[in-house]
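Report on one structure; see the data block that follows.
The values are calculated or read from the model by the stated rules, or taken from the named source; none is laboratory data. These numbers come from a predicted model, not from an experiment. Here Cβ is always computed from backbone atoms with ideal geometry, including for glycine, and neighbour counts include all displayed protein chains.
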Amino acid sequence: MKKLLRKTNITIAANLFIAVTFITGCGKEKLREDFIARVNQSYLTAENLSADLGTSGLQLSHRNEYIRNWIETELLYKAALKEGIPGDEEYQRILNKSKKELAKAFLINRLLTKEPVEFKPEEPEAYYNSHKSDFRLFHDAYHYNSIIFNDEDKAILFRGTLIESDWNKTANIFHNEKSILAETPDCFENDYQIQPRNLFAIMQDLQPNEAGIVLNTEPDRFMVVQLIRKYRQNEIPEFDVIRVLVKERFLMEKRGQIARNYVKNLYAKYEVELKSGK
């Protein structure tokens, strides 16, 4: 009888072990397959990457740097969880403040989406003329054209054609070329913004309307640049050269006014009290 009970207990224990193992195995989340990087059950997907960085003209080095930073952030976050950081009082204070700031940003963004800025075509130039000193350069800057190919021979051919012609005519000749990865005419950047830095080195030695040598910036990426003009620190570029920048600042000011008017109206909807001397 004791042998039978012992055997029965062993059988029950074995069955329980098998059942628990089965349940645990079934409950364990399967690893995803569609990811670029993973840290335990945290995944970086192509959709995440595209949402944060976009896909147009993205350099491989920027993509790799983003992935490396994502992995490091996940590692440190998981370590912070183990250390109990989220329960820290100061962490909670900053988190609550950040939530309010984020909600504020989302609200303003929604407001501006519902109430887009309307303006006449001539207004940005009028804004430039009345705020011209605001556009004085703090650094040297470059106005240039650029194009990137994934075929070195086509990049060399483009440069050769450009030397004998001008940018617009050359770009029109190549407009159906499948090896073109990106084209950026009329680019205006401060010296510290120009990337990669070997491109900046080439730009420094170019004369107006001169095309630089074909630059192999990354594997299968061949860039041709043409300097239009270099601007020195303290110069004020012409409106047509910085038209995009002027429009951005003009719209920023208009949107700021919409947001300020919205906040002004909120004062009438909520009790606001400010005690002096406190």
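A few comments on the model shown:
- Any hit, the range 157-173, residues being touching a residue at least 40 places away in the same chain (Cβ under 8 Å) and either assigned by TED's automatic domain parsing to the domain that holds Arg255 or of a type in the set (A, V, I, L, M) (or both): yes
- Number of positions in the range 216-225 that are at pLDDT 95 or above and out of contact with any Asp or Glu (no Cβ under 7 Å at 6 or more places or on another chain): 3
- Candidates Leu245, Leu274, Leu227, filtered to the one that is under 20 Å from Thr161 (Cα atoms) and among the hydrophobic types (A, V, I, L, M, F, W, C): Leu227
- The lone criterion from (1) surrounded by 15 or more Cβ atoms within 10 Å (Cβ to Cβ); (2) more than 19 Å from the chain's Cα centre (by Cα); (3) among the acidic types (Asp, Glu) left unmet by Glu183 is number (2).
- For Ala201, the requirement of being at pLDDT below 95, assigned to a loop (DSSP other than H, G, I, E, B) and exposed (fewer than 14 other Cβ atoms within 10 Å of the Cβ) is not met.
- When Ile194 is tested against (1) surrounded by 18 or more Cβ atoms within 10 Å (Cβ to Cβ); (2) more than 23 Å from Ile236 (Cβ to Cβ), only condition (2) is not met.
- Exactly one residue among Glu47, Glu33, Glu72 is modelled with pLDDT of 50 or more and either β-branched (Val, Ile, Thr) or part of a loop (DSSP other than H, G, I, E, B) (or both), and that residue is Glu33.
- Residue within the range 112-125 that is closer than 29 Å to Val241 by Cα, hydroxyl-bearing (Ser, Thr, Tyr) and part of a helix (DSSP H, G or I) present: yes
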